[in-house]
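Step one of this worksheet: look at the structure below.
Taken together, the values in this text are just the output of simple stated rules run on the coordinates, not laboratory data. Note that the coordinates shown come from a computational prediction; the quantities given were computed from them, not determined experimentally. In this analysis, Cβ positions are derived from the backbone assuming ideal geometry, glycine residues included, and neighbour counts consider all displayed protein chains.
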Amino acid sequence: MMSSVDFYRRIPKDLTESTSLGAIMSLVAITIMIVLFVSETYAFLTTNIATSVVLDPDTTELLRLNFNLTFQDLHCDYASVDVLDSLGTNRQNVTKNVEKWQLDSNGIRRIFSGRNREVKKVVQQEHSASLEEMHEDGVHAVVLTRDTIDEFIKSHEMAYINFFAPWCIWCQRLHPTWERFAEEVEYEEMPVGVGTVDCVEQADVCRKYMIRAFPSLKWFSNGSNKTPDYKGDRTVDALVDYATRMVHMDTKYKDWQKAAADKGEDAVKPFGREEHMGCQISGYLLVNRVPGNFHVIANSVNHNLNPSMTNLTHTVNHLSFGEAHRPVRMRRNLAKVPDEYKQFTPINGESYITREFHRAFHHYIKVVSTTVDFDKSPSVPTYQFISQSQSVHYRTEEVPEARFSYDISPMAVVITREGRKWYDYLTSLFAIIGGTFTTLGLIDATLYKMFKAKKI
């Protein structure tokens, strides 16, 4: 009874005939089956990367923005990180989670300038007498020009010079104090020449001494500028105290030099330190998930910046969105994503050099939420972005800023890994074996009949 449903009935061997053509076709069939089997198995074991665009399901209100920027010609004292967005957020000189490092002339981090702490406002002294009234007995702070400043510095063992701009409000407040300070220096018979330079009329002098903010109070000893510049309170007592300390240090330095020379030792290193304008700013911001921007601007609560000497050339060491430290599973999944699908840090290492005055680079960033879903466990979103940059011109009176404008896309990208199902693989194998066997069997039968008919 069971034999009646046999699909694979056997034909007695003495009823079959072997031919050379059949042997050749069998070898061809076996070869084709092996090649197709290997190809199909390789395709089954290989996965493909697929992407899809969906509405962003993330409902969190804040987005983390990570940055590490190097400004080659901006002092950390004047670097301010500000945040603005379309909801009206306006945070100036952000101090939380932001660090500054002063750089040396080689661009290497040298001095930790704090976690972008808020700058303390210096004390300004008020005077009952006007500057004109103080000048009734003569001008004590010498007005210097391009023709007289070099001789003034050389002719005085020590010199203290105020570089100012007439339009600067801080300079206007300092003028009476500076004149009164010059009177005190003369009264105390201190070996210090006190002078002033108008940076509007003597612009080339101020460019020579790299005056970036007004007022800049520079100390000169034996013809050379001693850095850093004075940044303390602007009162007569504070200025006199600073001058007294500098004179005392200069005297001690000369005594050390003389003692070292008498002993035949190397010269003592001069007091003060060389100060370079570079600054590295790093940290992160928590911003609203709406269009906005953060920018680094040269700003000071105690100075007016010199727009023509503000250079915001910078290098983007790192810029990314989302959590800085991803889970291990996410890092493994991201490592499996081909590079053409990854735009998480596209401008890392890029430098943006400003070669003209009154210009700065603006960066326009489109942020797209991205989910890498390679397994069934819950996925953690990350963020990719594309960026365009352009150099923007500023008016003469405006201080340039390095701006990073961002816009979060309402759509999200889902990256998945697609592979074939096991039953698809088996179906293909059966089709390959059966199809190859049947097709070559038909070809063999056709050729056999053709050759047999010719023999007859």
* Structure fact -> In whole Hz, the Karplus estimates of ³J(HN,Hα) for segment 183-193 (6.51, -1.76, 1.60; θ = phi - 60°; x where Gly or Pro) are 5, 5, 4, 5, 5, 7, 6, 7, x, 10, x
* **For Phe357, distant residues with modelled amide H under 5 Å away** => none
* Alpha-carbon centroid distance for the pair segment 122-160 / segment 61-95, whole angstrom -> 38 Å
* Using per-residue counts of other Cβ atoms within 10 Å, averaged over each peptide, order 313-320, 33-40 from highest down. => 313-320, 33-40
* Asked: Ranked highest first by the average count of other Cβ atoms within 10 Å around their residues, in what order do 128-139, 88-99 fall?
  -> 88-99, 128-139
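What FRET efficiency would be calculated for the residue pair Glu397, Lys252, taking the C-beta separation as r and a Förster radius of 45 Å, to the nearest 0.05?
Working: r = 44 Å, r/R0 = 0.99.
Once rounded, the FRET efficiency stands at 0.50.
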* On full extension of the chain, what length is gained from Asp150 through Val54, given 0.36 nm per residue of separation minus the C-alpha to C-alpha distance? -> 27.7 nm
* To do: Quick one: what are the phi-derived ³J(HN,Hα) couplings along segment 46-61, Karplus 6.51/-1.76/1.60 with θ = phi - 60°, whole Hz, x for glycine and proline?
  => 8, 9, 10, 8, 10, 10, 9, 10, 10, 5, 4, x, 5, 10, 5, 7
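Sort 165-175, 342-352, 414-424 by packing, meaning the average of other beta carbons within 10 Å per residue, with the highest value first.
Numbers: 165-175: 17.1, 342-352: 15.3, 414-424: 13.3.
So the order, starting with the most tightly packed, is 165-175, 342-352, 414-424.
By the gyration tensor of its Cα atoms, with a ≥ b ≥ c the square roots of the eigenvalues, what is the shape of segment 135-213: rounded for a/c under 1.5, prolate for a/b over b/c, or oblate? Walk me through the numbers before you get to the answer.
On the way: a/c = 1.99, a/b = 1.21, b/c = 1.64.
Because a/c hits 1.5 or more and a/b fails to exceed b/c, segment 135-213 counts as oblate.
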* Any chance you could run the full-extension gain for Tyr364 through Glu201? It's 0.36 nm times the residue separation minus the Cα-Cα distance, nm to one decimal. => 54.8 nm
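How much of the DSSP bridge set in segment 140-263 is antiparallel, in percent, rounded to the nearest 5? Before the final figure, lay out the partial values.
Values: 10 of 20 bridges.
For segment 140-263, the DSSP antiparallel bridge percentage is about 50.
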* Prolate/oblate/rounded label for segment 140-263 (Cα gyration tensor, a/c 1.5) -> prolate
* Too-long pairs where the Cα-Cα distance tops 30 Å, listed order kept, from Lys121/Lys208; Lys121/Lys366; Lys336/Lys421; Lys366/Lys421; Lys96/Lys226 -> Lys121/Lys366; Lys366/Lys421; Lys96/Lys226
* Computed E for Ala431/Val328 - FRET, C-beta separation, R0 35 angstrom, nearest 0.05 -> 0.25
